[in-house]
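J.: Please read through the structure below; I'll follow up with questions.
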Amino acid sequence: MSAQKRVSRRDFLKVVSLTGGAAVLTACATATPEPTEAPAVPTAPAVVGKPFDGKTLRMHAISGANYDELYKLIPAWEEETGAKVEMVFKGNGFETDKRLVQDFAAGTVDYDVAWDHSSFFSQYVKADGLEPLDAYFSTEDLADFIPGILNAGKRDGKLWVMPRHFDISCMHYRTDVGLAGPPETWDDFKAGALKVTQDNPGVFGTQFAGKEEALTGRFYEVLLAEGGQLLDDSFMPAFNSPAGVKAISMFSELYSAGAMPPDMTNFLWEDVANQWVNGLIGMYTEWYGWYSYFQDPASSKVAGKFDIARQPMGDGNIHSGWAGHHGFSITKASKEKEMAASLIKHLTSVEGNQLEAKLGILISRQSVWDQIIKEAETSTDPLAKKRLELAVLQAQEDFRTPPLIAEWLPLSNILYPILQQVILGDTEPQAGLDEAATKVEEMMKGAGY
Amino acid sequence: MSENPSWKGHQKARRRKDLLNEIFLWIIMLIFFIPALWIILTSVRIRSEILAHPPIWIPSGFTLDSYKILFGMPTPEGAFGLGGAIPVAKYASNSIVISLTATLFALVFGTLAGYVFSRYKFKGKNFIFLGLMLARAVPGIALSLPLFMMFARINLSDTKLGMTTIYIALTIPFTAWLMDGFFRTIPKELDEAARIDGCSTWGAFVRVDLPLVLPGAAAAGIFAFLTAWNEFALASIITRTPASRTFPPALFEFTGQFVSDWRGMTAMSVLMLIPAIVFVAIIQRQLLAGLTSGATKG
Amino acid sequence: MTTQSVAVGPSRRKRKRFQFTDRHLPLLLLFPSVVIIVLVIGFPMLYSLYISFTNFNLTNPKVIEFIGFQNYITLLTRDSQFWKAFGRTVLFITLAVNIELILGLGIAQMMARLARGKGLARTLMMMPMMFAPILVGFQFKWFFDAQLGLVNNILYSITGQSQLIPWLIKVPLGFISILVAEIWMSTPFMVIILEAGILSLPTEPFEAAEVDGASGWQKFRLLTLPMIMPFIYTAMAIRSLDLARAFDVVSIMTGGGPANRTELIWTYVNRLAFNGKEFALGAAMSFIAVILSLVFTYMFFNNVLKSRWTEEVEL
């Protein structure tokens, strides 16, 4: 009995020390905090001529093959200004957005420069996380940028995003499946897709990225072309109009006729590109960014076998083009806004644009466009010049961003499953769009519109 | 006995059955293994063959390019999407440290808890047990944002300590349950016998009960380790920089919005496999050792 | 009491204040576990609970207003999507757990009978478990791709029919595909637990049965099965609560789509909270899901729990 009691006390000590140890460790963690704010550093630069010597600039960036190339310009800026750039985070677009949203919500913003995008920045503005750029970029600084692109980063009369590069979609069509030429209207497109499917066994007439924001965007494109609108002037849903029904019916009719891959409702950007390079698709709208991959014989079966054209028109008599641009913003929480602006200027400079243009990325400065179009005249690729001219034309005239509201993603989140239902034939177009409109209206009202 | 002809016949039949059993088992395991094999194979494939249509079964050649690029070594094919060397060593060390530490603590705390559940009845026991069940039922994704906000406030965000603590909490319930089950297989008479022999409760625990549940502890250890090793939802939110980033979120970094880099993903997955296999192999020996002693005690 | 004071001796007066008997031992041993879980899981859940009574939205994070049970009412009465997802999740778990159990039991039994190579077999068997779920998601998504996937490719080689089956789209197929991925990933779990259980069984009853001429099946049914019941119950209870395990896999394979066809509770919560930005609603849903799953499991395993509390020491 006594042995038991003595041992019990030893147990007690064991247990207490274990938990005590854990508590001590935790205390140590809190005692030595990791820095969570951009450090406020004394102002006087140590070396004359190097404005930000000794300071650190923190950046929250997007990563990926296309995007990383530009970051090679950073060392030059560091050399010039004496500052150091620290990459706080790098991830793909949606991950980056998710983090930004969380940081703005939790107040844990510890970086100065943040990746931004025309579709996403509105929510950051609403969350009061960004700093207006008008004070840091003069009219001269902005003169060289294509207006349509620049405007896609403006809200409430202020500029929030400095454009880096944009993307827009054009019609890609095969030259070896019996197509006479690019479709002029969406009705032509539909007929052409059906014909291609019939005449070429194993090939689908067309495809669309069939889920999430991608599907909403593709629907939005066609909706606009047919003269419709996503939201009306009071920000209430307007997509369940005849134009909307016509747009989505095209999708569902193509699907039920077997002119689209049966699992397209699970496709995202990578999947549609894969189908295309494996030669399974006749024509479809695709981003310019894929071009070099499509023309690379080592990875693409359709290299040299396709052409590009402006998007077809619809009842609305416009050429549509779902567009967006990537850029940079300055966080409100930043303590080094001047330094942030300096880096952004450097990255979006002519040199920066030229670097990205070499990769076939669609940059935003008019002067660089003029330059590369001229250079393309001597290219061995017959499509090179046409591609660039088409891109800049679309940027000037067909650049349509989704509504620049913070609720774009929530709207898409409500809409796309219903669009899928219509495509798959589970719901009738009008009924589905009406249901979506009711839900979106409820959401928008709840958001204060 | 062995000269009995019917016994010999019985032995022969048994051996045949054993052989059939073995063959059948290996076939099933092969089926299970195919997807895993595909992943490993992809990591050594030539780039153009990875997403080929129709899928290429027999690769025309092997290449270690995926791994080379992962470690930042030059290859003709060029870098992955991440553009630049990936801090693989850091991810590895983070994952290993966090997972091992979490497993250790979870085993200790969980085994003690399991012992208590199996042997004692006290006020609030059901409540605590249900509490553990509740903790288990909550997935990472539901915890992620609140936990992130909490951790950010106490400066544990993006730290190895923070992640370790989270994983301990995540794996204790299951460990406790499993150990509870194993402790119950030990008849109480053994405990009593030990105590009569002069052991204290603790002594009985350490000398009698613990060795008998080693297979269970091994199994629990394996699961705890793998849970921590492969956990994604919480790791992707709480860790931000290579200071504390583990493998699973690093893996996800290969999935761009537009392109997933299969080479990087599969190469990293194979790298992730290696410590997992090593750990499991080591613990397994423990499992076997514990079993033989347990069987004879029976 | 008297025995104690006698044994303790001169330091009795000091000892009186720290009377740690066996009564305290269990609580002390539980203490660290409980503390950690309360800190890491309890507090965030409480915070989440609080949020679920507000209108917290990620697009407008500065605004947090108390709205009472509004979210819960919306979910329980007006969101048919929620109930469909819940029903689907219940079905998913039920099927997954049972199939994994049967497969696991069979494989475990076979493995236990192996004369050699047990270690190798066990390691190979655990391979699926060793891959990160997100990778499994990507891999199976590719396998089941209608045009480029391995499954259709194999089918084509066997049957010669080039019928492209959209595994991830059509109604029972999508569900089956995610089920297959989940079973592939988690059967090893069952195998390991059950094999450990089988191997820890005493050998005499089996030897005796062998001598008596019992067949393999008889031994299994009459000896193995009853004796490893506790393990089976444990494993099943755990797995059935693992509503979230499949989240990573399903999220990547289908994202709960298309058109919500493979929507499980947690993919729905994730989309609602992070894509739809309606975090408070998501939090409410998480709670409903957790409570419902607890009730569900508790009802199912109430008998098991009762039968288990037979061997403890009354304190």
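J.: Against the condition in contact with a His (Cβ under 8 Å, 6 or more places away or on another chain) and farther than 26 Å from A:Leu415 by Cβ, how does A:Pro182 come out, does it pass?
T.: The answer is no for A:Pro182.
J.: Can we say A:Ala76 is part of a helix (DSSP H, G or I), over 22 Å from A:His325 (Cβ atoms) and either within 11 Å of chain B (Cβ to nearest Cβ) or touching a strand residue (DSSP E or B) at 6+ places or on another chain (Cβ under 7 Å) (or both)?
T.: no
J.: For A:Trp290, which of the numbered conditions (1) hydrophobic (A, V, I, L, M, F, W, C); (2) part of a helix (DSSP H, G or I); (3) touching a residue at least 60 places away in the same chain (Cβ under 8 Å) fails to hold?
T.: Of (1) hydrophobic (A, V, I, L, M, F, W, C); (2) part of a helix (DSSP H, G or I); (3) touching a residue at least 60 places away in the same chain (Cβ under 8 Å), only one is false for A:Trp290: (3).
J.: Please go through the range C:46-66 and pick out each residue that is in contact (Cβ under 8 Å) with a residue 24 or more places away in the chain and of a type in the set (A, V, I, L, M).
T.: C:Leu49, C:Ile51, C:Leu58
J.: Counting just the residues of the range B:99-124 that are among the basic types (Lys, Arg) and within 8 Å of chain C (Cβ to nearest Cβ), which one comes out farthest from B:Gly221 (Cα to Cα)?
T.: Initial filter on the range B:99-124 (among the basic types (Lys, Arg)): B:119, B:121, B:123.
Going one step further and asking which of them are within 8 Å of chain C (Cβ to nearest Cβ), we end up with B:119, B:121.
Details: B:Arg119: 22, B:Lys121: 26 Å.
Only one residue fits best here, namely B:Lys121.
J.: Can you work out which of the residues in the range A:166-196 that are of a type in the set (S, T, N, Q) and over 19 Å from A:Asn274 (Cβ atoms) is surrounded by the most Cβ atoms within 10 Å (Cβ to Cβ)?
T.: Result: A:Thr185.
J.: Of the residues that sit in the range A:117-133 and are at the interface with chain C (Cβ under 10 Å from one of its Cβ atoms) and small (Gly, Ala, Ser), which one is farthest from A:Pro163 (Cα to Cα)?
T.: Top of the filtered list is A:Ala127.
J.: Could you please give the count of residues in the range C:65-91 that are more than 27 Å from the chain's Cα centre (by Cα) and more than 14 Å from chain A (Cβ to nearest Cβ)?
T.: Residues meeting the conditions: 5.
J.: So B:Val44 passes all but one of these: (1) at pLDDT 80 or above; (2) surrounded by 18 or more Cβ atoms within 10 Å (Cβ to Cβ); (3) assigned to a helix (DSSP H, G or I); (4) of a type in the set (Val, Ile, Thr). Which condition number does it fail?
T.: Only one criterion in (1) at pLDDT 80 or above; (2) surrounded by 18 or more Cβ atoms within 10 Å (Cβ to Cβ); (3) assigned to a helix (DSSP H, G or I); (4) of a type in the set (Val, Ile, Thr) is unmet by B:Val44, namely (3).
J.: Mind checking which residues of the range C:95-121 are among the β-branched types (Val, Ile, Thr) and in contact (Cβ under 8 Å) with a residue 60 or more places away in the chain? Step through it out loud before you land on a result.
T.: Keep residues of the range C:95-121 that are among the β-branched types (Val, Ile, Thr), which gives C:97, C:99, C:102, C:107.
Passing the criteria: C:Val97, C:Ile99, C:Ile107.
J.: Could you identify the single residue in C:Ser80, C:Ser157, C:Ser162 that is surrounded by fewer than 15 Cβ atoms within 10 Å (Cβ to Cβ), at pLDDT below 85 and closer than 27 Å to B:Ile141 by Cβ?
T.: Selected residue: C:Ser80, the only one of C:Ser80, C:Ser157, C:Ser162 that is surrounded by fewer than 15 Cβ atoms within 10 Å (Cβ to Cβ), at pLDDT below 85 and closer than 27 Å to B:Ile141 by Cβ.
J.: Taking the options A:Pro163, A:Pro132, name whichever one is surrounded by 22 or more Cβ atoms within 10 Å (Cβ to Cβ) and either under 18 Å from the mean Cα position of the chain (by Cα) or of a type outside the set (Gly, Ala, Ser) (or both).
T.: A:Pro163
J.: Filter the range A:414-437 down to the residues that are part of a helix (DSSP H, G or I) and free of Cβ contacts under 8 Å to residues at least 12 places away in the same chain, then identify the one that is farthest from A:Trp322 (Cα to Cα).
T.: Of everything passing the filter in the range A:414-437, A:Ala431 is farthest from A:Trp322 (Cα to Cα).
J.: Working carefully through the options A:Asp370, A:Asp381, A:Asp307, find the one that is acidic (Asp, Glu) and assigned to a loop (DSSP other than H, G, I, E, B).
T.: Result: A:Asp381 is the single residue among A:Asp370, A:Asp381, A:Asp307 that is acidic (Asp, Glu) and assigned to a loop (DSSP other than H, G, I, E, B).
J.: Residues that are more than 11 Å from chain A (Cβ to nearest Cβ) and at pLDDT 80 or above, at least 2 per element: which helices (runs of 4 or more DSSP H) completely within the range C:1-64 meet that?
T.: Numbers: elements: C:2-8, C:12-17, C:24-37, C:43-52.
So the answer is C:43-52.
J.: Within the set of pairs 6+ apart or on separate chains, which have a first residue in the range C:122-142 that is within 7 Å of chain B (Cβ to nearest Cβ), a second that is acidic (Asp, Glu), and C-beta atoms under 7 Å apart?
T.: C:Pro133/C:Asp248; C:Ile134/C:Asp248
J.: Do you know which residues across the range B:188-217 are surrounded by 20 or more Cβ atoms within 10 Å (Cβ to Cβ), assigned to a loop (DSSP other than H, G, I, E, B) and either touching a Ser or Thr at 6+ places or on another chain (Cβ under 6 Å) or without any contact (Cβ under 8 Å) to a residue 12 or more places away in the chain (or both)?
T.: B:Ser200
J.: Give the range C:274-290 a look and list any residue that's among the aromatic types (Phe, Trp, Tyr) and buried (at least 24 other Cβ atoms within 10 Å of the Cβ), or say none.
T.: Result: C:Phe279, single match.
J.: Continuing with the same structure: Having 1 or more residues that are touching a Phe, Trp or Tyr at 6+ places or on another chain (Cβ under 8 Å) is the bar; report the helices (runs of 4 or more DSSP H) wholly within the range C:128-229 that clear it.
T.: Qualifying helices (runs of 4 or more DSSP H): C:133-143, C:150-159, C:171-199, C:216-219.
J.: Are any of the residues in the range B:229-239 within 8 Å of another protein chain (Cβ to nearest Cβ), β-branched (Val, Ile, Thr) and under 20 Å from B:Ala102 (Cβ atoms)?
T.: Scanning the range B:229-239, I find at least one residue that is within 8 Å of another protein chain (Cβ to nearest Cβ), β-branched (Val, Ile, Thr) and under 20 Å from B:Ala102 (Cβ atoms), so the answer is yes.
J.: So, in the range B:143-172, exactly how many residues are within 7 Å of chain C (Cβ to nearest Cβ) and not aliphatic (A, V, I, L, M)?
T.: 2
J.: Tell me which residues, restricted to the range C:236-255, are touching a residue at least 24 places away in the same chain (Cβ under 8 Å), in contact with an Asp or Glu (Cβ under 8 Å, 6 or more places away or on another chain) and either over 21 Å from C:Ile178 (Cβ atoms) or among the small types (Gly, Ala, Ser) (or both).
T.: C:Ala246
J.: Has the range A:389-409 got any residue that is in a helix (DSSP H, G or I), within 14 Å of chain C (Cβ to nearest Cβ) and not basic (Lys, Arg)?
T.: Checking the range A:389-409: at least one residue is in a helix (DSSP H, G or I), within 14 Å of chain C (Cβ to nearest Cβ) and not basic (Lys, Arg).
J.: Among the candidates A:Ser342, A:Ser334, A:Ser300, A:Ser292, which residue alone is more than 23 Å from the chain's Cα centre (by Cα), within 14 Å of another protein chain (Cβ to nearest Cβ) and either polar (S, T, N, Q) or farther than 30 Å from A:Ser241 by Cα (or both)?
T.: A:Ser300
J.: Moving to a separate point now. Quickly run through the range B:222-246 and pick out the residues that are under 20 Å from C:Ala112 (Cβ atoms) and either crowded, with 24+ Cβ neighbours inside 10 Å or among the basic types (Lys, Arg) (or both).
T.: Of everything in the range B:222-246, just one residue is under 20 Å from C:Ala112 (Cβ atoms) and either crowded, with 24+ Cβ neighbours inside 10 Å or among the basic types (Lys, Arg) (or both), namely B:Ile222.
J.: Search the range B:266-279 for residues that are more than 10 Å from every other protein chain (Cβ to nearest Cβ) and pair each with any residue that is not in a helix (DSSP H, G or I) when their beta-carbon atoms are under 7 Å apart and the residues are at least 6 apart or on different chains.
T.: Short answer, once both residue conditions are applied: B:Ala267/B:Ser43.
J.: From the set of residues in the range A:369-388 that are touching a residue at least 24 places away in the same chain (Cβ under 8 Å) and more than 22 Å from the chain's Cα centre (by Cα), which is surrounded by the most Cβ atoms within 10 Å (Cβ to Cβ)?
T.: Here the residue is A:Leu383.
J.: Has the range A:234-251 got any residue that is more than 24 Å from the chain's Cα centre (by Cα), farther than 30 Å from A:Pro410 by Cα and part of a loop (DSSP other than H, G, I, E, B)?
T.: No, the range A:234-251 contains no residue that is more than 24 Å from the chain's Cα centre (by Cα), farther than 30 Å from A:Pro410 by Cα and part of a loop (DSSP other than H, G, I, E, B).
The values are calculated or read from the model by the stated rules, or taken from the named source; none is laboratory data. In this text the structure is predicted, and so the values were computed from the model without any measurement. With ideal geometry, Cβ positions are generated from the backbone for all residues, glycine too; neighbour counts draw on all protein chains shown.
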